[in-house]
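Colleague: One structure, as C-alpha cells, below. Some questions next.
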Amino acid sequence: MTKIPVIVLVGPTAVGKTELSVSLAENWRGEIISGDSMQVYNGLDIGTAKITESEMRGIPHYLIDVVQPNEPFSASVFQDETKKRIRMIHSKGKLPFVVGGTGLYIQSVFYNYSFGKASEDPEYRARLEEMDASKLHNLLFEKDPKSAEQIHLNNKRRVIRALEVMKLTGKPFSEYQVETELSDEFEPLFLGLELERSVLYDRINQRVDLMMDAGLIEEAKALYDLSLGDVPATRGIGYKELFQYFDGELSKEDATELIKKNSRHFAKRQMTWFRNRMKIHWIHALEESTERQANACIGRFLKANPFDSYK
C-alpha cells in the first residue's frame with residue numbers, strides 16, 4: 001500500500017508557523033490540520049493565537065473550534081481525528097499539512113504511539129485529583145519511572161491518567177506507548193522553524209503585548225466566569241495567569257510578565273521535545289529564503305516518493 005504523504009510543520013510558539021503554512025498550502029494544493037492542543041477550544045482565540053478567517057486565505061483548516069472549553073479533548077482523540085482528516089484530504093487529491101507546536105499530539109499521529117484506552121475509575125481518579133502535582137508525580141515515579149520521565153510534573157491530567165490506567169490494567173503506562181517506529185500508513189516530511197533564542201523571546205514578549213491590546217483580558221474573564229475548575233482549557237498559558245489576576249493574587253502588570261515568562265519557558269520545552277523526539281529538517285524562520293527552502297524540501301520529498309503530483 002502506498003503511504004499517504006503529509007507535510008508536518010513544527011516549531012515553538014511565535015516562530016511564524018501559521019503564515020508560512022498557508023503559503024506552502026497555497027503552493028502545493030494543500031489543506032491544513034491544526035496541531036495545537038488549545039486551538040480546539042471555541043472562544044479561546046486571542047490567547048491561542050488562533051488563525052483568523054482572513055489569514056487562512058481560503059485554505060481549509062481543521063481541528064480548530066471543535067469543542068467547548070468544558071468538553072474533553074485528549075491526545076488520543078487528536079490522534080484519531082487527525083488520521084481521519086489526513087485520509088479525507090488525501091482522498092480529495094489534496095496534500096495534507098499538519099501544523100502546530102504540541103509535540104505529543106503530532107508525534108502520536110505519525111509514530112506507532114498507543115495510548116492506554118482502558119475504562120475509567122472515577123473514585124480512584126477523584127482521590128488522585130485531591131493530591132498536589134508533586135505528590136502525584138512522585139507516585140508515578142514509584143510505579144512507572146519511564147512514564148514519569150516522559151510526563152512533565154505540571155501535566156497533572158496526564159499523570160492522573162497514567163496512574164488510572166495502571167490501576168485498571170496492572171501494566172505500566174509506558175508499555176502502551178511505542179513511539180520509535182513510523183506509522184505504516186503515512187509518510188511524513190517533518191519541517192521545523194527555528195530562531196535564535198533571544199530573537200524568539202523578543203517575538204514572544206511582543207506578541208503577548210499585542211494579545212493584551214487585542215482583548216485577552218476580556219477573553220480570559222469570559223472563560224473565568226464559566227467556573228469550569230481545573231480543566232485543560234483553563235490551564236493554557238495566557239489564561240491561568242490572568243485567573244490569578246481576577247482572584248486578586250497578581251496585578252495586571254505581574255500577570256502580563258508571568259504570561260511572557262511562561263511562554264518563553266514553553267517555547268524552550270517545545271524545542272527540546274522536537275529536537276529529541278523527531279527527525280526534523282530545520283529552517284531559519286526569518287531568512288529571505290525561508291519559504292523557498294521549505295518549498296524545495298517539499299518538492300524533493302514528493303519527487304523521491306511514488307506520490308501523485310500536488311503542484
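Every number here is computed from the coordinates shown, using simple stated rules; none is lab data. From a predicted model like this one, the values you see are computed outputs, not experimental measurements. Using ideal geometry, Cβ is built from the backbone for each residue, glycine included, and neighbour counts are taken over all protein chains shown.
Colleague: For ILE33, enumerate residues with amide H under 5 Å from its amide H, sequence gap 5+ or separate chain, H modeled in the peptide plane.
Modeller: Those lying under 5 Å, H to H, from ILE33 are TYR62, PHE97, VAL98, VAL99.
Colleague: Next up: Under the rule of at least 5 residues apart or a separate chain, name every residue whose amide H is placed under 5 Å from the amide H of TRP282.
Modeller: Amide H neighbours of TRP282, under 5 Å, 5+ apart: GLY192.
Colleague: List the trypsin sites (Lys or Arg not before Pro) within the stretch 261-301 that fall in a DSSP loop (any state other than H, G, I, E or B) and whose Cβ has at most 15 other Cβ atoms within 10 Å.
Modeller: The qualifying sites are LYS279.
Colleague: Given H placed 1.01 Å from N in the peptide plane, which residues other than close sequence neighbours of TYR111 have an amide H under 5 Å from its amide H?
Modeller: Residues meeting the criterion, in which the H sits 1.01 Å from N, are SER183.
Colleague: Now for a separate question. For a footprinting-style exposure proxy, rank THR272, THR256, THR2, THR290 by other Cβ within 10 Å, fewest first.
Modeller: The order, fewest Cβ neighbours first, is THR2, THR272, THR290, THR256.
Colleague: If you bin every alpha carbon distance in the stretch 107-226 into 10 Å steps from zero, what whole percent lands in each bin?
Modeller: 11, 26, 24, 30, 9, 0
Colleague: Here is a further query. Would you work out the relative contact order for the chain, in percent, from Cα pairs under 8 angstrom that are 6 or more residues apart?
Modeller: Reported as a whole number, the value is 28 percent.
Colleague: For ASP65, ASP247, what ranking results if the residue with the fewest other Cβ atoms within 10 Å of its Cβ goes first?
Modeller: Least crowded to most crowded, the residues run ASP247, ASP65.
Colleague: Where does the charge balance sit around LYS156 when Lys and Arg score +1, Asp and Glu -1, over other residues with C-beta under 14 Å from its C-beta?
Modeller: +3
Colleague: So what are the ³J(HN,Hα) numbers for the stretch 247-259, from phi and the Karplus equation (6.51, -1.76, 1.60; θ = phi - 60°), rounded to whole Hz, Gly and Pro as x?
Modeller: Along the stretch 247-259, the couplings run 7, x, 8, 9, 6, 4, 5, 5, 5, 4, 5, 5, 4 Hz.
Colleague: Rank the residues TYR224, TYR113, TYR239 as a footprinting-exposure proxy: fewest other Cβ atoms within 10 Å of their Cβ go first.
Modeller: In order of increasing Cβ crowding within 10 Å: TYR224, TYR113, TYR239.
Colleague: Given (i) 180; (ii) 127; (iii) 138, which label gives volume of the Cα convex hull per residue in Å³ as computed from the coordinates?
Modeller: Only one option fits the structure, namely (iii).
Colleague: Sort 16-22, 198-204 for me by packing, meaning the mean count of neighbouring Cβ atoms within 10 Å per residue, highest on top.
Modeller: The most tightly packed comes first, giving 16-22, 198-204.
Colleague: Full-extension gain between LYS135 and THR169, please, as 0.36 nm times their residue separation minus the C-alpha to C-alpha distance.
Modeller: Length gained, LYS135 through THR169: 10.1 nm.
Colleague: Further question on the same structure: Of the options THR48, ALA162, PHE110, report the single residue whose Cα projects farthest towards the positive end of the charge dipole of the chain (beta-carbon charges: Lys, Arg +1; Asp, Glu -1).
Modeller: PHE110
Colleague: Right, next: I'd like the distance between the alpha-carbon centres of the stretch 101-172 and the stretch 35-77, rounded to an integer number of Å.
Modeller: Measuring centre to centre over Cα atoms gives 24 Å.
Colleague: Let me ask another. Dipole of the stretch 13-152, Cα-centred, from +1 at each Lys and Arg C-beta and -1 at each Asp and Glu C-beta, to the nearest 20 debye?
Modeller: 700
Colleague: Another question about this same structure. In whole angstrom, how long is each semi-axis of the equivalent ellipsoid of the stretch 122-176, when you take the square root of 5 times every eigenvalue of its Cα gyration tensor and sort them from largest down?
Modeller: Output for the stretch 122-176: semi-axes of 15, 14, 8 Å.
Colleague: Sticking with this structure for a sec: Counting each DSSP H run of 4 or more residues in the chain as -39500 (n - 2.57), what helix-only mean residue ellipticity at 222 nm follows after dividing by all residues, to the nearest 500 deg cm²/dmol?
Modeller: That calculation yields -15500 deg cm²/dmol at 222 nm.
Colleague: Let me ask something additional. Hey, any idea what the orientation-averaged projected area of the convex hull of the stretch 33-142's Cα atoms comes to, in nm²?
Modeller: Mean projected area for the stretch 33-142: 9.2 nm², to one decimal.
Colleague: Follow-up question, since we're still on this one. Residue by residue through the stretch 128-137, what is 3J(HN,Hα) from phi via Karplus (6.51 cos²θ - 1.76 cosθ + 1.60, θ = phi - 60°)? Round to whole Hz and write x for glycine and proline.
Modeller: Karplus-based 3J(HN,Hα) across the stretch 128-137 equals 5, 5, 7, 7, 7, 4, 5, 5, 4, 5 Hz.
Colleague: How large is ³J(HN,Hα) for each residue in the stretch 61-78, as worked out from phi by the Karplus curve 6.51 cos²θ - 1.76 cosθ + 1.60 (θ = phi - 60°), to whole Hz, x for Gly and Pro?
Modeller: Residue by residue, the stretch 61-78 yields 10, 10, 6, 10, 6, 9, 9, 7, x, 8, 9, x, 8, 10, 4, 5, 5, 4 Hz.
Colleague: Relative contact order, percent, of the stretch 122-176 when contacts are C-alpha pairs under 8 Å separated by at least 6 residues?
Modeller: Answer for the stretch 122-176 is 34 percent.
Colleague: Counting C-alpha atoms alone, how compact is the stretch 194-311: give Rg to one decimal and Dmax as a whole number, in angstrom.
Modeller: 19.3, 60
Colleague: Which links in LYS221/LYS268; LYS146/LYS240; LYS3/LYS84; LYS84/LYS146; LYS135/LYS156; LYS135/LYS167 stretch past 19 Å when you go from one Cα to the other?
Modeller: LYS221/LYS268; LYS146/LYS240; LYS84/LYS146
Colleague: Give, rounded to the nearest 20 debye, the magnitude of the charge dipole that the stretch 88-201 has about its Cα centre when Lys and Arg contribute +1 at Cβ and Asp and Glu contribute -1 at Cβ.
Modeller: Using only the charged Cβ atoms, the result is roughly 280 debye.
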